[in-house]
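Visitor: Sharing a structure, written as structure tokens. Questions coming.
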Amino acid sequence: MALLCIRGDWYLYFWLIYCKVYSAIIWFVGNHCRGSDKARSVISGSVGNQSPSGLPRVRTRRRKPQQHKVKHIVALVRRPSLRRIVMAPGAAAHAMMEDKAKTLNGALANVSMRTRRISQFAPLLIALVGLPARGKSQLAHRLSRHLNWNGESTKVFDCSEYRRKHMALYGTHDIFRADNQQGSAIRRQSAREAVQDAVLWLKDGNSVAIFDGTNITREQRRELNEYCLSDMGFRILFIECVCEDQELLERNIIEILHYSADYKAMSEEQAVDDLRKKLEHYMRQYEPIDGNLEGVSFVRVENMGETVTAHKVAGQKESGILGYLSGMRAFPQTIYFTRHGESEYNVLGRIGGDANLSPRGQRYAIALAEHINSKASCEPMAVWTSEMRRTKQTASDIMAPKRALRALNELDAGICEGLTYEEMQERFPQEFAWRDQDKLRYRYPWGESYIDIMTRLRPVLSALEDEHNVVVVGHQAVLRCMLGYFLDAKLDELPYMTVPLHTIVKLTSYGYKYKVEMVKLPVECVDTHRKQPKNCSITRTTADALVTVPSHYDTLPSNLWQSSEAQL
């Protein structure tokens, strides 16, 4: 009996343990489900008094957001703009989304892909648009000069020059009539040749080509735009020149009559009549650029920079061009350039420094003041100098407002400041040879190069283009760069341009060119111009290195030149 009682207790004991374990498992599973899915617990609590058919409806709502969420993600990868269509539930919305994507992709392939594949670094063709005598040629050459100075190799292709190649002598205005088939054929052929040469220029690795033509019809512009974008892969920008200012228009017409090769063999009356009828022919065919009708990138310039309007202008080069056109003005101007009077360092053959004028330099300052003051009495003048003493002393007696500009300071020779060429060859023969090999790009140790001068002169030149009757008293290297800009000289020629002492260089604008006059004042001075030697090797002898060095008075003490002229 005792054994049976013990066995019964064990059975009861195991049964209680089994129930406890089973209850614990059920409790744990129940709590875990409620904690991981709060939405299910809330729904179960809220629908406890509802019919059993409510649960499937709740589960359907839970599954649909998951299904549309997947579709939404896939659609966003394809096309972010279709988000609203994807949010509509159902298979019909999904089909609508697919059709919309196919339609948009097809349209974008036809419209946008052509412009997308043209790089921002692709060559740029600038095509001018407008009637004759509206300043197109002047704008083209001024823009070319500006771009070349900023490192963009640019060239102007004038359609009129190509037309003259097909005509031994300009006849009359009849060639510009729309119904003149022979004349129209010649003009179309000339335009094609100009564009072809412009394309070859760009293919050779140059940056910008300017097509100086009328391009007055929409068909001409459409064909040129299509040819550049689709066939050549070049960027293209149209610049339309409009002139409503009668004074400016008359001045442009007078310049055409005086300087155009078409009217050299005509009398003044014949030339005026012919040009008037030529303008009438062009005006009958002229179709101004309309942004609503033409999908081209263009800039409209009114009255040579008075008003500038841009349409679809994009790109680094185009933005820079737009900025230049916005500040451009077309007024006749006269600019005077002169170096400072002979300085003490000039006499001793030393470069750089901040020396005073020599006695002969002081005489030049007096003579310069007399020459400029006689002109300033008739019309207002302005004087720009550097911050160096020798330029301020040279301009001290000129009766006009003066402005000292840091950008006009002479080239900084670094460790070679104040040395003669003989001392440079003795101390730094390798540097001296490197300078002779590439004088434009050579930079003195801790100093500057001609390229550095060009960079700091950019704002000064931009301001000077719009000034009139300005006297610039500067230094040899600086004036070389400034004259090279206005005369559109090649960059490698700048370091060897001749800018002698005690000489006034007068620039007078006519059209897009400048006439140069050299006025030598009767005051003696040394010659500081040094030509490039033939032997620029590092291993050359001292005699070869100094063969082109100008003569100077390096054996005399510098304080001698600080005395008065009578003592000298």
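The values are calculated or read from the model by the stated rules, or taken from the named source; none is laboratory data. Because the structure is predicted, anything quoted here is derived from the model rather than measured. No Cβ is skipped: glycine too gets one built from the backbone with ideal geometry, and neighbour counts run over all protein chains shown.
Visitor: Between Glu302, Glu250, Glu240, which is surrounded by fewer than 19 Cβ atoms within 10 Å (Cβ to Cβ), under 23 Å from Leu143 (Cα atoms), under 24 Å from the mean Cα position of the chain (by Cα) and not assigned by TED's automatic domain parsing to the domain that holds Ser509?
Guide: From the options Glu302, Glu250, Glu240, the qualifying one is Glu302.
Visitor: Moving to a separate point now. Every residue in region 351-367 that is assigned to a loop (DSSP other than H, G, I, E, B) and either of a type in the set (A, V, I, L, M) or in contact (Cβ under 8 Å) with a residue 40 or more places away in the chain (or both), please.
Guide: Listed by number, the residues that qualify are Ile351, Gly352, Gly353, Ala355, Asn356, Ser358.
Visitor: Please go through region 507-535 and give me each residue that is touching a residue at least 60 places away in the same chain (Cβ under 8 Å), within 28 Å of Thr548 (Cβ to Cβ) and assigned to a loop (DSSP other than H, G, I, E, B), ordered by number.
Guide: Leu521, Pro522, Val523, Glu524, Cys525, Val526, Thr528, Arg530, Gln532, Pro533 - these are the residues of region 507-535 that are touching a residue at least 60 places away in the same chain (Cβ under 8 Å), within 28 Å of Thr548 (Cβ to Cβ) and assigned to a loop (DSSP other than H, G, I, E, B).
Visitor: Output the number of residues of region 253-279 satisfying the condition of being β-branched (Val, Ile, Thr), under 30 Å from the mean Cα position of the chain (by Cα) and more than 23 Å from Gly183 (Cβ to Cβ).
Guide: Final tally of qualifying residues: 0.
Visitor: Please go through region 315-334 and give me each residue that is of a type in the set (Val, Ile, Thr) and surrounded by 22 or more Cβ atoms within 10 Å (Cβ to Cβ), ordered by number.
Guide: Matches in region 315-334: Ile321 only.
Visitor: If I ask for residues that are out of contact with any helix residue (DSSP H, G or I) (no Cβ under 7 Å at 6 or more places or on another chain) and modelled with pLDDT of 90 or more, which ones from region 240-267 would you list?
Guide: Listed by number, the residues that qualify are Glu240, Val242.
Visitor: Taking region 200-212, which residues are of a type in the set (A, V, I, L, M) and either in contact with a helix residue (DSSP H, G or I) (Cβ under 6 Å, 6 or more places away or on another chain) or assigned to a loop (DSSP other than H, G, I, E, B) (or both)?
Guide: Scanning region 200-212 gives Val208, Ala209, Ile210.
Visitor: Among the residues of region 253-280 satisfying the criterion of being surrounded by 15 or more Cβ atoms within 10 Å (Cβ to Cβ) and small (Gly, Ala, Ser), which is nearest to Asp212 (Cα to Cα)?
Guide: So, considering only residues that are surrounded by 15 or more Cβ atoms within 10 Å (Cβ to Cβ) and small (Gly, Ala, Ser), the one nearest to Asp212 (Cα to Cα) is Ser260.
Visitor: So how many residues does region 437-456 have that are crowded, with 20+ Cβ neighbours inside 10 Å and either touching a Ser or Thr at 6+ places or on another chain (Cβ under 6 Å) or closer than 19 Å to Lys534 by Cα (or both)?
Guide: Final tally of qualifying residues: 0.
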